[in-house]
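Report on one structure; see the data block that follows.
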Amino acid sequence: MSLTQHAHPLVIVGSMGLDNVQTPLGEVVNALGGAANYSAVAASFFSRVALVGVIGDDFPQEHLDYLRSIEVDLTGVEHVKGGKTFHWSGYYDFDLNVAHTLDTQLNVFADFQPKLPESYKQAPYVFLANIDPVLQLDVLNQIEAPKLTVCDTMNYWISSKRDELVEVLKRVDIAVLNDAEARQLTGLMSTVKAAKAIQALGPSAVIIKKGEHGALLFSGDDHFSAPSFPLEDIADPTGAGDSFAGGFIGYIAAQDDLSHNTLRRAVVYGSVMASFNVEDFSMNRMRRLDPAEIASRYSQFRDIAYFEALEDLAL
Ligand code: AMP
């Protein structure tokens, strides 16, 4: 079956939440957040997305309307009557690469058992965004024959559900982590050694995000380094990792190709989406993002990394 025949080319499971975030440039309260939401919004610029998650009564209708307006399928989103939506509160100091968690309330996620709609089960592309690895496994068990599975996680799950996370890693094709998470998971200081150790757990490729300093792809024996984009002001780093992953897998799903060159371009598209996302709070920048801006920033990323080949130099 070709990609265009799939009603749901890309399934994303993860937290759907409301965030309280404070950064040196401002703050938001009860803003649209959650790893699945950030990645679905970024991926929606490339591919249709089918979401799996759970919300409570306090999840505003306007956010559901927004997700529907960008053609995110919400059939797999459960609304628990009388329940409260996942809430995360955090802040950033001047080191915007480090999120400090003040409070995590799993709420309706605590008892969530995802049941994939029949129409999702044949999806070729699956992104397990940050959430309890038990739920990531539940979703993997229901997908029939995926072409590519990608997972993300965070420090919270590395320390509280390590064994379950290792089980997820055994079963996915690509793991996306930031450098601190890769060190925490493996106990290795070197990101290169950490990436290789994670590859040894299962995934054929590992991406290490280095916040505003770019991203590294280790794929088999291939190594690629995406540059960082010189943004002068970062309003809110929340969701950068999720937007990266959404752009990454959304682009791959649209190409329906898993070659090294596609993976490399996907890492750059991921970096492009993350760089836009951090320009404003919550998903505000994504809401006013024009696809032409994505193409233009992709070219800028290429210019940043350009240098002449030795043989072109008149030495
Ligand atoms: P990041 O891309 O890492 O900045 O992800 C930020 C998003 O992760 C926020 O919108 C939070 O709602 C969500 N989040 C925070 N903690 C957790 C957690 N323990 N499990 C799932 N999602 C979380």
Classify the stretch 178-257 from the C-alpha gyration tensor, please: rounded if a/c falls under 1.5, else prolate or oblate depending on whether a/b exceeds b/c. oblate
Expected max-MSF residue from Asn130, Asn178, Asn155 in the GNM of the chain (alpha carbon, under 10 Å) is Asn155
Using Stokes-Einstein with the Kirkwood hydrodynamic radius over Cα pairs, what translational diffusion coefficient do you get for the stretch 158-315 at 10 °C and a viscosity of 1.306 mPa s, in µm²/s rounded to a whole number? 96
How charged is the neighbourhood of Ile208? Take every other residue with its Cβ under 13 Å from the Cβ of Ile208, and add Lys/Arg as +1 and Asp/Glu as -1. +2
For the Cα atoms of the chain, what angle does the longest principal axis make with the long axis of helix 191-201, in degrees from 0 to 90, nearest 10? 50
Between helix 133-142 and the chain, what is the angle of the helix's C-alpha long axis to the longest principal axis, kept within 0 to 90° and rounded to the nearest 10? 90
Do any chymotrypsin sites (Phe, Trp or Tyr not before Pro) in the stretch 212-315 lie in a loop, going by DSSP, with at most 12 other beta-carbon atoms within 10 Å of their beta carbon, and if so which? Tyr306, Phe307
Please give the helix 162-171 orientation as an angle from the longest Cα principal axis of the chain, in degrees from 0 to 90, rounded to the nearest 10. 60
Highest GNM mean-square fluctuation among Leu188, Leu140, Leu165, for the chain with Cα springs under 10 Å, belongs to Leu188
Net charge, Thr186 excluded, C-beta distance under 13 Å - Lys, Arg +1, Asp, Glu -1: +2
Taking springs between alpha-carbon atoms closer than 10 angstrom, which of Leu216, Leu74, Leu128 fluctuates most in the Gaussian network model of the chain? Leu74
Rounded FRET efficiency, nearest 0.05, which uses the C-beta distance separating Leu102 from Ser160 and R0 of 22 Å: 0.80
Listed by chain and number, the residues whose amide H is under 5 Å from that of Gly239, excluding neighbours fewer than 5 places away on the same chain and using placed H, are none
Neighbour net charge for Leu289 - beta-carbon separation under 12 angstrom, K R +1, D E -1: 0
For the chain the translational diffusion coefficient, Stokes-Einstein from a Kirkwood Rh over Cα pairs at 25 °C and viscosity 0.890 mPa s, in µm²/s, is roughly 126
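Taken together, the values in this text are just the output of simple stated rules run on the coordinates, not laboratory data. Bear in mind the structure is a predicted one, so any value in this text is a computation, not a measurement. Ideal geometry is used to build each Cβ from the backbone, glycine not excepted, and the neighbour counts take in all protein chains shown.
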